[in-house]
Amino acid sequence: LGLKKYPVNVTAIVSMADDGGSNRVIRDEFGLLPTSDIRQCLVALAQGNGKSEKLLRGLFTYRFHHGGGITGMTFGNLFMAALADILGSQVKAIEKTSEILNIKGRVLPVTLGDSKLAAVYENRKEIVGEHLIDEPQHDPTLRIEKISLRPEAEAYPEALKAIGKADVIVIGPGDLFTS
């Protein structure tokens, strides 16, 4: 959010490993890659004239609290899922949402492949799924010794191009292993 105030060309490259909460629904029921981290970046880079920017931010971060099938879902995730269906592509949905929110910069997925995060802990137990790694159902003091993607993912070419052209690369926020 802070970088959009400066005369720089920002490109956010976003993890596609999230598999918890509403992203589980987006993945399992819609067959799409997770949208929450993409949506959060889009909202952070949104520009507007005060009131409209604030309203769009509120709308895209609004979480439904009623309704059997959509409780816990955010409007922004559902909006992007609908756009992906209408436009036939998640990449096109991200581009169109970027236009609608008038973002400064670009937001790109790191991969278009459907991969899950896998962690091997010091006790040699493997846990698959970012949600289970982020909110462990095992001894949380165990250290992660190895992290990988299952299956291995291929980087999105546009993300690689953006990294190659970058003058400065900023890594963060988040934690060391998950988004």
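The values are calculated or read from the model by the stated rules, or taken from the named source; none is laboratory data. Quick caveat: nothing in here was measured; it's all calculated off a predicted structure. Heads up, the Cβs are rebuilt from the backbone with ideal geometry, glycines too, and the neighbour counts pull from every protein chain shown. Side chains are part of the model used for accessible areas, which takes the heavy atoms of the whole protein and leaves out ligands, DNA and RNA. Shrake-Rupley method; radii C 1.70, N 1.55, O 1.52, S 1.80 Å.
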Over 19 Å (Cα to Cα) among Lys5/Lys92; Lys116/Lys146; Lys51/Lys104; Lys125/Lys146; Lys5/Lys54 -> Lys5/Lys92
Please report the accessible area of Arg63 (heavy atoms, 1.4 Å probe, ligands and nucleic acids excluded) in Å², nearest 10.
100 Å²
Which of Val170, Val110 is most accessible, then next, and so on - probe 1.4 Å:
Val170, Val110
Using only alpha carbon pairs under 8 Å that are at least six residues apart, calculate the relative contact order of the chain and give it in whole percent.
25 percent
For the chain, what is the calculated [θ] at 222 nm in deg cm²/dmol (nearest 500), taking -39500 (n - 2.57) for each run of four or more DSSP H residues and dividing by its residue count?
-11500 deg cm²/dmol
Does the range 83-179 come out rounded, prolate or oblate by the C-alpha gyration tensor, with a ≥ b ≥ c the root eigenvalues, rounded set by a/c under 1.5 and, if not, prolate when a/b is larger than b/c and oblate if not?
prolate
Karplus-derived HN-Hα couplings along the range 42-49 (A = 6.51, B = -1.76, C = 1.60, θ = phi - 60°), whole Hz, x at Gly and Pro:
4, 5, 5, 8, 4, 10, x, 9
Would you please classify the overall shape of the range 1-78 from the alpha carbon gyration tensor, given that a ≥ b ≥ c denote the square roots of the eigenvalues, rounded means a/c under 1.5, and beyond that prolate means a/b larger than b/c while oblate covers the rest?
oblate
Beta bridge orientation in the chain: antiparallel %, DSSP, nearest 5
75 percent
Treating the angle as unsigned and between 0 and 90°, give the value, to the nearest 10°, between the Cα long axis of helix 21-30 and the longest Cα principal axis of the chain.
80 degrees
At what distance in angstrom do the alpha carbon centres of the range 106-142 and the range 60-88 lie from each other?
24 Å
With all protein chains present and a 1.4 Å probe, how do Tyr62, Tyr121, Tyr156 order by accessible area, largest first?
Tyr62, Tyr156, Tyr121
Sorted by average packing, counted as other Cβ atoms within 10 angstrom per residue and highest first, what order do 28-35, 98-105 take?
28-35, 98-105
Please compute the Kirkwood hydrodynamic radius over the chain, one decimal place, Å, based on all pairs of different Cα atoms.
17.4 Å
